[in-house]
Every structure is written in structure tokens, then in C-alpha cells.
Amino acid sequence: MSNQKPSLLYTVLSAKCPRCREGNMFPPGTLYSSRFADMYPQCPCCGQSFEPEPGFYYGAMYVSFAFSTGIFLAVLFILSLLVKEVTLGMVMGTIAVIVIGLLPVMFRLSRAVWINFFLRYEGPCNQIPKK
């Protein structure tokens, strides 16, 4: 890896460890499977715990709520541009399909955003002490 540190946006979108920005938070190949919520207990690279305390990810529900609100507003705006008369059923059906379809993505993204609020980048994995 180059000497340039990975960006925070890259770290969040790819669900990498916030401490080293190299290790994955989630096992590969599980995004759209029944194991989408499986998460490594610690970073496979630097050893950082991904659950610093019990119930740590309760706050990620607020992040997920913000994403869902953004989806609701976007759907409402797009439907109002495309359809002459927007009905409640049309809006709720569209939102339900999109939110359920994006559930695994929003789950992982919410957790990645939440943990990055509290843990800071310390350097490449090979230059920081293992935890």
C-alpha cells in the first residue's frame, strides 16, 4: 500500500477497520446472504475490537433512520416528478421495496459510520501495535 492514508469515505463505504483502514469489518461474500449481519469480532489486521462495549451499535439505528429518511424524501421527490398524482400506497410501496432491498447495505453502512465516529485512524496495520 502507498504512504497515503485511505480516505474516511473509502473506509466507511468499504466497511474497513477505522483504526488501520485495511482490515474488513464483515466477512467477504456475505452481503446478500442470510449472514449479512455477521461481523468479525476484531480487525483481522490490527486486532481492534469491532464491539468496544456491549450495545455499542444501538446508536447505529439513528444513522440507519437518517438513511431511511433520505430515501423517503428522494422517493417522494422523484415520484412527484414522474407521476401526476402521487398516492400514499404508491409512496409506501416504493419505499418498502427500496428499503428492504437495501437492508443489508444500510445495516453495514450504518455500523461503519457509527464506529468511525468513535475510533480514529492510527496508521497502516504494519506500523501500529496489535491490540
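The values are calculated or read from the model by the stated rules, or taken from the named source; none is laboratory data. In this text the structure is predicted, and so the values were computed from the model without any measurement. Every residue, glycine among them, receives a Cβ derived from its backbone with ideal geometry; neighbour counts consider all protein chains shown. For the accessible areas, the whole protein counts, side chains as well, though only heavy atoms, and no ligand, DNA or RNA atoms are used. Shrake-Rupley method; radii C 1.70, N 1.55, O 1.52, S 1.80 Å.
What is the local net charge at Leu103, summed over the other residues whose Cβ is closer than 15 Å to its Cβ (Lys, Arg +1; Asp, Glu -1)? Taking every other residue near Leu103 into account, the sum is +2.
Helices in the chain, meaning DSSP H runs of at least 4 residues, each add -39500 (n - 2.57). Divided by all residues, the mean residue ellipticity at 222 nm is -14500 deg cm²/dmol.
For the pair Phe117 and Leu13, label points projected 7 Å from Cα toward Cβ lie 2.2 nm apart.
Largest accessible area first, the residues Thr69, Thr30 order themselves as Thr69, Thr30 under a 1.4 Å probe with ligands, DNA and RNA left out.
A Cβ-based charge dipole, computed about the Cα centre of the chain with Lys and Arg at +1 and Asp and Glu at -1, lands at about 320 debye.
First compute the accessible area of the range 1-120 with a 1.4 Å probe, then give the percent of it belonging to carbon and sulfur atoms. The partial results should precede the final answer.
Numbers: 5030 of 7380 Å².
Percent of accessible area from carbon and sulfur atoms in the range 1-120: 68.
Evaluated at q = 0.16, 0.20 Å⁻¹, the base-10 log of the normalised Debye intensity for the chain, with identical point scatterers placed on the Cα atoms, takes the values -0.83, -1.11. Bridgeable lysines around Lys5 (alpha carbons under 19 Å apart, same-chain partners fewer than 8 residues away excluded): Lys16, Lys130.
Of Ser64, Val83, Ile98, which is farthest along the charge dipole of the chain in the positive direction, counting Lys and Arg as +1 and Asp and Glu as -1 at C-beta? My answer, from the dipole projection, is Ser64. By the compact-protein rule of thumb, 2.2 N^0.38 Å, the alpha-carbon radius of gyration of the range 57-97 corresponds to a ratio of 1.36.
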